[in-house]
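The values are calculated or read from the model by the stated rules, or taken from the named source; none is laboratory data. All figures in this text were calculated on a predicted structure; none of them were measured in a lab. A quick note on method: Cβ atoms are made from the backbone with ideal geometry, for glycine too, and the neighbour counts reach across all protein chains shown. The area values use the complete protein model at the heavy-atom level, side chains included, leaving out ligands, DNA and RNA. Shrake-Rupley method; radii C 1.70, N 1.55, O 1.52, S 1.80 Å.
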Amino acid sequence: MIEVIDGERCTSCDICVNVCPTNVFDKTDGIPVIARQGDCQTCFLCELYCPEDALYVSPFADQAQPIDLVALKQTDSMGSYRRAVGWTDETCDRRGVDRSYLLFGH
Amino acid sequence: MPNPTHRAERVSAPEGSVVFEADVLVIGGGPAGTWAAVSAAERGARVVLADKGFCGTSGATAAAGTGVWYIDPNPALREAAMADREKMGGYLQDRRWMARVLDSTYQHSNSLADWGYPYPVDDRGKSQRNSLQGPEYMRLMRKRTKLAGVTILDHSPALELLVDDDGAVAGASGVRRQKQDRWTVRAKAVVIATGGCAFLSKTLGSNVLTGDGYLMSAEVGAEFTSMEFSNPYAISPAFGSVTKTLFYGWASFTYDDGSVVPGAASKGGRSAIARALLEGPVYARLDKADDDVRHQMRVSQPNFFLPFDRTGIDPFKDRFPVTLRLEGTVRGTGGLRIVDDSCATTVPGLYAAGDAATRELICGGFTGGGSHNAAWAMSSGAWAGQGAADYATQVGPAVGRSLRSAGAVALRSRQRRAFAPAALARAVQAEVFPYELNYFREASRLQGALGRLDAAWRDVSEADAADASEIVRAREAAAMLATARWMYRSALARQESRGMHRRDDFPDQDSRQRHYVTTGGLDEIWTSARPHAEASYAEAAE
Ligand SMILES: Cc1cc2nc3c(=O)[nH]c(=O)nc-3n(C[C@H](O)[C@H](O)[C@H](O)COP(=O)(O)OP(=O)(O)OC[C@H]3O[C@@H](n4cnc5c(N)ncnc54)[C@H](O)[C@@H]3O)c2cc1C
Ligand code: SF4
Ligand code: SF4
């Protein structure tokens, strides 16, 4: 489930509020809030669309997991999905590396 | 390019609502809905697309990505592709439809390449088109939908259909949940592309898929088919949501004590996993993947690894607990019955596409292992969009038609107190999640579940309208309840095992039951048998 919005990185662009399919976030005058965490479907898509790598979705789908943001920021987890699919400037060559065709039919 | 002035028109409306006039309304913005919208607009129709979430991220494809049934137009390859799955699907496919879908998928995938989808190129320089990355594909489809002049309403779940005096479908209405107001689209034809029903099981990307389109369609009298083929369960880490199963082809499955679960496999041995899970935890380890395969897995499906990387599990070396999450009609084959090549339903003005429609025509009773669903979503989407646009042209100017809202449960004032949606959703889950009820079916257990589900339906149909803050949830829970009842009623009617439908009391396939089960109704659910196409062709020839 979605666990944090990092207030240091977030620019209040509200993209996450728009793109979350289950409407988990609410707009505010500043940084959006996680208003309905229990509705999160753990799809990781808000992370893909956040231009600032300011969001973190924990992989636990059924339970909330308290997160230590300071420790988290010392790992490379935030934004890792976006980099892996090639949605950052530095990694855009990864958009065409799908090798599923070698794996189908196993 | 379509004429950009062909846009749906926003007309004046009372405070707290927006109203559009259009030719075609598409409900749902996954692959089926976006292909429908683009194709209708290309025919010159004025189109509105309303999605519950955000068109581009919402639905099963956006989150999961899909293999695609893309086969080069070489007769031998095509023949092999069609023959390949017939046994698994219980011989309920229809060759004519399979051939149409292969042609159409080939064309649409090639359009995606022209539009800039970054298909990978193999060692011999050939572009490989049998896989689509979900976020990438659906971001592109949103862009194409906008370019086609379609008006997109995001965060705008549809609640009910509108019908005219003759009972033809003529639009829908719903809420704009981020604007706290209501929308109405008056249209000449409607495409239902709301996906399947996965019962809020948290299978990847599917909590927006609660069978809403089925409920709305049933309220105008539409029929369903193959609803007994609605019990696929997908493997995921026990704690997680990533139900992508391809890589479990390289897994070994073990009990708590480390011994191997006999017969367990992702393909062809998933029921052994379900039986073992009834006894206790089951673990997986992808220890059959060599270094090359591991690398290919990482680059092909990055989200598969998120649950592992973020919990410090090495899935190739460590054993991790797994579970099976119900996917219902998302990777089942049941859905709205379509009656012609344009994906029309039995109700005038109503079309169906993608998981909202049956996939029996190309998959019969089994779709696990993917590819066919994605091919169906783009093909049926395009056909339904074109069919709806052509129908709208025939209807002609629709001035002065008086329209009526067709929704009932949770929408109308009634005697009893409004029901609690969350409690109802849990009650439905308690009847459809358990492996001993739904994976392994048997008459008395199915009847027990149906008794409880029918009683719940009587309660909710007498309940008062839900208030604004609960209305979407209430309709979702009611749609899940209705879906469960069509599913189990059809499962009782099929007294054999075929495709994904397994009856403990009828373990064998029965050649006399090579037919389809049709179902429908809300207060009273009915079923009937329809002959398979080959049987009806044979009759016609006599
Ligand atoms: C984990 C997973 C992996 C899969 N892998 C494969 C694969 O490899 N190959 C394959 O062929 N298939 C696969 N599938 C199936 C495939 O994803 C679906 O068949 C496909 O997404 C169907 O497209 P659709 O447009 O009909 O529905 P969806 O993509 O589910 O979209 C439905 C849309 O309808 C919207 N909606 C729902 N209710 C309403 C409402 N009331 N009002 C307005 N909008 C509404 C939703 O928000 C959503 O955007 C997979 C599915 C899952 C869950
Ligand atoms: S998308 Fe990222 S930067 Fe934008 S509001 Fe959301 S968290 Fe903040
Ligand atoms: S993980 Fe998906 S459902 Fe959860 S907040 Fe992010 S976008 Fe929304």
Original post:
Can you list the lysines whose alpha carbon sits under 16 Å from that of residue B:179, skipping same-chain ones fewer than 8 residues off?
Top reply: A:27, B:52
Subject >> Rg(Cα)/(2.2 N^0.38 Å) for region B:84-208, N = residue count >> reply: 1.39
Original post:
Taking the radius of gyration and the Kirkwood hydrodynamic radius from Cα positions alone, what is the Rg/Rh ratio for region B:234-326, to two decimal places?
Top reply: 0.93
Subject >> Value of Rg/Rh across region B:421-541 [Cα atoms, Kirkwood radius] >> reply: 1.06
Subject >> Number of partner chain Cβ atoms within 10 Å, mean per residue of B:56-68 >> reply: 4
**OP:** Determine one quarter of the surface area of the Cα convex hull of the protein assembly as shown, which equals its mean projected area, and express it in nm² to one decimal.
**Re:** 29.2
Original post:
Nearest-5 percent of antiparallel DSSP beta bridges in chain B?
Top reply: 65
Subject >> For region B:264-283 and region B:427-500, distance of Cα centres in Å >> reply: 24
Subject >> 28 Å Cα-Cα reach of residue B:317 towards lysines, excluding residues that sit fewer than 8 places from it in its own chain >> reply: A:73, B:202, B:244, B:267, B:288
Original post:
To the nearest 500 deg cm²/dmol, what mean residue ellipticity at 222 nm is calculated for chain A from DSSP H runs of n ≥ 4 alone, each contributing -39,500 (n - 2.57), summed and divided by the residues?
Top reply: -4000 deg cm²/dmol
Original post:
Distance from the Cα centre of region B:236-254 to that of region A:1-55, in angstrom?
Top reply: 27
Subject >> Probe 1.4 Å - accessible area at residue B:12, Å² to nearest ten >> reply: 110
**OP:** Could you please put A:106, B:372 in sequence from largest to smallest accessible area, using a 1.4 Å probe?
**Re:** A:106, B:372
Original post:
What is the log10 of I(q)/I(0) for region A:2-103, computed with the Debye formula using one identical point scatterer on each Cα and no solvent, at q = 0.11 Å⁻¹?
Top reply: -0.35
**OP:** State to the nearest 20 debye the size of the charge dipole of the protein assembly as shown about its Cα centre, where the only charges are +1 on K and R beta carbons and -1 on D and E beta carbons.
**Re:** 320
**OP:** Label chain B by shape, choosing from rounded, prolate and oblate, from the square roots a ≥ b ≥ c of the eigenvalues of the Cα gyration tensor; if a/c is under 1.5 it is rounded, and otherwise prolate applies when a/b is larger than b/c, oblate when it is not.
**Re:** rounded
Original post:
Suppose R0 equals 51 Å; then what is the FRET efficiency for residue B:416 and residue B:143 from their Cβ-Cβ distance, rounded to the nearest 0.05?
Top reply: 0.60
Original post:
What accessible surface, in Å², does a 1.4 Å probe find on residue B:508, ignoring ligands, DNA and RNA and rounding to the nearest 10?
Top reply: 110
**OP:** Heads up, I need the accessible area for residue B:11: 1.4 angstrom probe, whole protein in place, Å², nearest 10.
**Re:** 30
